[in-house]
Amino acid sequence: MKGRVGTWSVALGLIAVSALGYLLWRRDPAQPTYVTAEVTRGPVVRTITTTGAVDPVITVEVGAYVSGTIQSCSCDYNTKVRAGQLCAKIDPRPYQVVVDQDAANLANAQAQLKKDQASLAYAKISYDRDKGLLDHGIVSRDTVDNDKSTYDQAVAQVKVDESTIQQRAASLHAAQVNLDYTNIISPVDGTVVSRNITIGQTVAASFQTPTLFLIAQDLTKMQVDTNVSETDVGNAKVGQKASFTVEAYPGRTFWGDVSQVREAPITVQNVVTYDVVVSVDNPDFALLPGMTANTRIITDERNDVVRVPLKGFRFSPRGVERASDGDGHDRPSGRHKGDAEAGVWVLRDDRPERVPVVTGLTDGTFAEVSKGALAPGDRVIVDEVRHDQTPGQLANPQSAAARPRFRGF
């Protein structure tokens, strides 16, 4: 009897120990391992990232006003030119012929004027003489009237000759202008960046002026014409600093200032962009026209501030509900709609602790902490890995790429 009671006691004890172990196992799962990022002090810079093309500030197109065959060309790519320098010459012979003809017509009109002036002088003498003889009854009234008519016609003919001379002179001047346009000259001091002609080529200026040369007036002053989307152009202001890189110098950063925000829209395939011009000095002529520039326009910045990685705001431990801002978008617990207060989880004494903070400027990577119990060196939790999960499985689904983005920055 005593042996049977002892057996039952041992069995009940084993059952109790097993049940207690099971309950403890259920209540005390494996502690997770936290992935953290450090709170640092440094700059927070908000920028507009875009691309553009490097261009000279002033580019002059030198074209041809008259048509003809290129007879000579004295300017080539990279030629330094001065204002008034001859760059090319169109065959002037057809235009010289017109000048010679108009000069001859002008000389003929001038000779005709002298002839008619002589006739006018004789007509005046005859009229004055016969008018005096009429008073003595020597000539008839009809003779005097005829002399008066001849005199008036001679006066009118002289005026016609003077008008003809003006017309011939204008025609000669127009022909001389066309002849002078056969000389293609540089209108400014600068550098030839493009040449579109060769000797013997025929240029036609009948419908549209052909461009023969492109001359950059000053290659020490360049500009970057960037294409800024309509969602970002509202943050672009004149005077903002901008930096850019070009593929020719991958390790060099060029700096400039926004000099103009052009209001004319550029629409390509229903995508609207605006030209934001960045002016930059080019004293060593490193920047060449047409280079592609990857540009960052600084719209706002804070220097030497406490900053937290943005992914820290997207984390919450398992079992902690995330608050909602009322319109269906998640935000860290404790964040209120309409303000900049948020919260991050900090690892202290190997345990997560939530720290409320008030954020300032964000740049897509960091958020400025304007108020909160955070200091450089604190470890902000960005993810957790539990020991009972399979390899590659995230313990915190909120850290996955499918997690809703944190709003309010």
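Heavy atoms of the protein chains alone define the surface here; on that basis segment 214-313 has 54 Å² accessible area per residue at 1.4 Å probe size. Between GLN101 and ASP145, the FRET efficiency from the beta-carbon distance, with R0 = 30 Å, is close to 0.10. Proximity of backbone amide H atoms, modeled 1.01 Å from N, is registered between ALA88 and SER74, ILE184 at under 5 Å, excluding neighbours fewer than 5 places apart on the same chain.
Segment 212-247 and segment 126-183 have Cα centres spaced 67 Å apart. Run the reach check for LYS241 against lysines, Cα to Cα strictly under 29 Å, same-chain hits fewer than 8 apart removed. What comes back? The qualifying lysines are LYS221, LYS311, LYS371. Compactness of segment 79-161 is given as radius of gyration and Dmax, 25.1, 87 Å, from Cα positions.
What net charge do the residues around TYR151 carry, taking every other residue with its C-beta under 13 Å from that of TYR151, with Lys and Arg at +1 and Asp and Glu at -1? Write out the running numbers ahead of the final one.
Details: positive: LYS124, ARG129, LYS131, LYS148; negative: ASP116, ASP128, ASP130, ASP145, ASP147, ASP152.
Result for the local shell: -2.
Given a 1.4 Å probe and the protein chains all in place, what does the accessible area of LYS159 round to, in Å² to the nearest 10? Here the residue's solvent-accessible area equals roughly 130 Å².
Straight-line cross-link partners of LYS80 among the aspartates and glutamates, defined as a Cα under 20 Å from its Cα and at least 8 positions apart when in the same chain: ASP55, GLU61, ASP189, ASP218, ASP281, ASP284.
For segment 224-235, the Karplus equation 6.51 cos²θ - 1.76 cosθ + 1.60, evaluated at θ = phi - 60°, returns couplings of 10, 8, 9, 9, 9, 5, 5, 6, 9, 5, x, 8 Hz by residue, with Gly and Pro reported as x. Three principal axis extents of segment 158-201 based on alpha-carbon atoms, in descending order, are 56, 26, 9 Å. Ranked by solvent-accessible area (1.4 Å probe, protein heavy atoms only, all chains present), the residues TRP255, TRP345 order from largest to smallest as TRP255, TRP345.
Treat segment 137-186 as a sphere of radius equal to its Kirkwood radius over Cα pairs and apply Stokes-Einstein at 20 °C in a medium of 1.002 mPa s; give the translational diffusion coefficient in µm²/s, rounded to a whole number. If you can, show how the numbers build up before the last one.
On the way: Rh = 14.5 Å.
Answer, rounded: 148 µm²/s.
With a 1.4 Å probe and every protein chain left in place, tell me how much accessible area SER279 has, in Å² to the nearest 10. Solvent-accessible area, nearest 10 Å²: 50 Å².
Pulled fully out, how much extra length does the chain show between GLN201 and ASP349, if you take 0.36 nm times their separation in residues and subtract their Cα-Cα distance? Could you put the intermediate results ahead of the total?
Details: separation 148, 0.36 × 148 = 53.28 nm, distance 8.36 nm.
Computed gain between GLN201 and ASP349 is 44.9 nm.
Among GLU247, GLU384, GLU38, the order of accessible area from largest down is GLU247, GLU38, GLU384, computed with a 1.4 Å probe on protein heavy atoms. Distance from the alpha carbon centroid of segment 265-281 to that of segment 52-121 works out to 40 angstrom. Decide, for segment 116-155, between rounded, prolate and oblate: order the square roots of the alpha carbon gyration tensor eigenvalues as a ≥ b ≥ c, take rounded if a/c falls under 1.5, and otherwise choose prolate if a/b is larger than b/c, else oblate. Prolate, since a/c reaches 1.5 and a/b exceeds b/c.
Please work out the FRET efficiency for the pair ALA111 and SER74, using the Cβ-Cβ distance as r and a Förster radius of 25 Å; give the result to the nearest 0.05. Before the final figure, lay out each step's value.
Values: r = 41 Å, r/R0 = 1.65.
Once rounded, the FRET efficiency stands at 0.05.
Ignoring aspartates and glutamates fewer than eight residues from LYS159 along the same chain, the ones with Cα atoms less than 12 angstrom from its Cα are ASP116. Note on ARG195: accessible area approximately 60 square angstrom, rounded to 10, probe 1.4 Å, nucleic acids and ligands left out.
Ranking TYR65, TYR151 from most to least accessible surface, computed with a 1.4 Å probe over the protein chains only, gives TYR65, TYR151. Annotation for TYR249 and ILE138: the two label points, set 7 Å from Cα along the Cα-Cβ direction, are 10.0 nm apart.
How would you classify segment 206-280 from its alpha-carbon gyration tensor, with a ≥ b ≥ c the square roots of the eigenvalues: rounded for a/c under 1.5, else prolate if a/b is greater than b/c, otherwise oblate? Let's see the in-between values first.
Details: a/c = 1.92, a/b = 1.15, b/c = 1.67.
In terms of gyration-tensor shape, oblate.
Just to be sure I follow: if Rg is taken over the C-alpha atoms of segment 248-319 and Rh is the Kirkwood radius over the same atoms, what is Rg/Rh? So for segment 248-319, dividing Rg by the Kirkwood Rh gives 1.13.
Please report the net charge: other residues with Cβ closer than 14 Å to the Cβ of ASP275, K and R +1, D and E -1.
Numbers: positive: ARG262; negative: ASP55, ASP225, GLU230, ASP232, GLU263.
Every neighbour counted, the sum reads -4.
The values are calculated or read from the model by the stated rules, or taken from the named source; none is laboratory data. Computed from a predicted model, the values in this text were never measured in an experiment. Reconstructed Cβ throughout: ideal geometry from the backbone, glycine too, with neighbour counts over all protein chains shown. The area values use the complete protein model at the heavy-atom level, side chains included, leaving out ligands, DNA and RNA. Shrake-Rupley method; radii C 1.70, N 1.55, O 1.52, S 1.80 Å.
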